[in-house]
Amino acid sequence: MRYLVTGCAGFIGSTLTEYLVFNGHNVVGVDSFTGYYSAAQKVANLKSVHDHKSFDLLQKDVRALSTPDMAGVDAVIHLAAQPGVRDSWAEFSKYLDLNLEATQHILQLCSDSDIARMVFASSSSIYGNQDQYPVSEDAPTTPRSPYGVTKLAGEALCKAYSLNLGLQVVCLRFFTVYGPRQRPDMAIHRILSAAYSGETFRLFGDGSARRDFTYVDDVVQACQLAASSEVLERFLPLNIGGSGDISMRQLIEMAEVATGRTVRLDHQPSQLGDVDRTGADCSRARALLGWTPKTPVDEGLRKQALRISAAL
Ligand code: NAD
């Protein structure tokens, strides 16, 4: 198949692109190398595929794509976005541009170009805090941050396009993704880096917040299945989580085991928009895509720790 992957130089996008290219597919990768974190890291993320005959890089904003860019594309996997919950309070216009305008543009382009399927990177942040866990796709959506609001609105745009224009959209609601190449602002990257450097890890809250952590290779499998499997619904939201939630305190202990080092903590108050708990019921993804998460957190942490220590 020929996939168009937006956000191809980022954490999830580059891991997905590498998987697709080395498993016999063609990828048109789109990335504008936004300044959220180092462009050098994104260039390094694409090193293994950069010169591969099955990979073409379009270094531009999703909003600058036009119909010729879609030639021969079978499915679009739209990962490009402005991530990060905390900055979304102060920099909302950026989130509107990159998470909503860009999503509307690619949806319109898919419709104009008769692309059958689009996969949209949604997020567990659309759920906010819930009364019951694990959370199914039918749970009420009450995002607690402007970032979560843009992801929920992105899903609503996907639904409008799929119902009116026939495009089939699978919205994958990712629950905290981790693994090699993880974004430097994310907790596991910061914990492992702190373990090796001896610097402190800023822990927001008392460590009781619980998260469902999902290994990046499992997310990549979900993306490919969502883009290529036969699904009957025109608009399909699916939870993509790990296999259970753990507290931040437990996570830090596991990181200490994975690195053989102590993590020094700098306790900070909870941040605006942080939720108490995330936890995914993934039975729908299992039933409809045959997808289940395969990587336990201790194993995934070891793999990410190895990559970070090798880079020191
Ligand atoms: P990332 O920042 O590493 O990757 C995103 C990439 O998109 C970056 O390389 C950036 O340069 C590019 N980009 C952003 N806007 C663009 C635009 N308008 N045009 C072209 N390129 C653009 O982020 P990630 O962690 O890999 O996340 C990928 C997707 O998954 C995002 O949509 C994010 O919201 C979603 N998501 C991630 C997580 C997670 O835990 N990492 C959880 C839930 C949802």
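No lab work stands behind these numbers, since they all come straight from the coordinates. Model, not experiment: these values are computed from the prediction. Here the Cβ positions follow ideal geometry from the backbone for every residue, glycine too, while neighbour counts run over all protein chains shown.
For the range 1-61, the set of trypsin sites (Lys or Arg not before Pro) satisfying both a DSSP loop assignment and a count of at most 16 other C-beta atoms within 10 Å is given as K47, K53, K60.
Per-residue ellipticity at 222 nm computed for the chain from its helices equals -10500 deg cm²/dmol, with DSSP H segments shorter than 4 residues left out and the rest contributing -39,500 (n - 2.57). On full extension, the segment bounded by T142 and L163 gains 5.3 nm, given 0.36 nm per residue less the C-alpha separation. Computing Rg and the Kirkwood Rh from the Cα coordinates of the range 215-275 gives a ratio, Rg/Rh, of 1.14. Take every Cα-Cα distance within the range 57-155, group them into 5 Å bins from 0 onward, and report for each bin the whole-number percent of pairs it holds. Calculated P(r), rounded to whole percents: 2, 13, 22, 20, 16, 13, 9, 4, 1, 0. Label-to-label distance, R249 versus S270, with points set 7 angstrom from Cα along the beta-carbon direction: 1.5 nm. Measuring how big the chain is from its alpha-carbon positions, Rg and Dmax come out at 18.6, 55 Å.
Here, the range 28-74 is characterised by an Rg to Rh ratio of 0.99, where Rg is the alpha-carbon radius of gyration and Rh the Kirkwood radius. Peptides 194-203, 12-21 ranked from most to least packed give 12-21, 194-203, packing being the mean of other C-beta atoms within 10 angstrom over each peptide's residues.
Angle of helix 102-112 to the longest C-alpha principal axis of the chain, folded into 0 to 90 degrees and rounded to 10: 30°. Count charges around S122 for me, please; just the other residues with Cβ under 13 Å from its Cβ, Lys/Arg as +1, Asp/Glu as -1. Result for the neighbourhood of S122: +1.
The Stokes-Einstein estimate for the range 1-55, based on a Kirkwood radius over Cα pairs and taken at 10 °C with 1.306 mPa s viscosity, is a diffusion coefficient of 145 µm²/s. What the Cβ-Cβ distance of A90 and K53 gives, at R0 = 41 Å and to the nearest 0.05, is a FRET efficiency of 0.40. Rounded to the nearest 10 degrees, what's the angle between the helix 11-21 long axis and the longest principal axis of the chain, both from Cα atoms, 0 to 90? Rounded to the nearest ten degrees, it is 50.
Positive contributions from Lys and Arg (+1) and negative ones from Asp and Glu (-1), summed over other residues with Cβ under 9 Å from the Cβ of S228, come out at -1. Between helix 216-228 and the chain there is an angle of about 20 degrees, using the helix long axis and the longest principal axis of the Cα atoms.
FRET efficiency for the T292 to A44 pair, using the beta carbon distance and R₀ = 41 Å, is estimated at 0.85.
Cross-link check: pairs K42/K294; K47/K94; K42/K94 evaluated at a Cα-Cα cut-off of 23 Å; pairs beyond the cut-off: K42/K294; K47/K94. Sorting 147-153, 122-128 by average packing, meaning the other beta carbons within 10 Å per residue, from highest down gives 122-128, 147-153.
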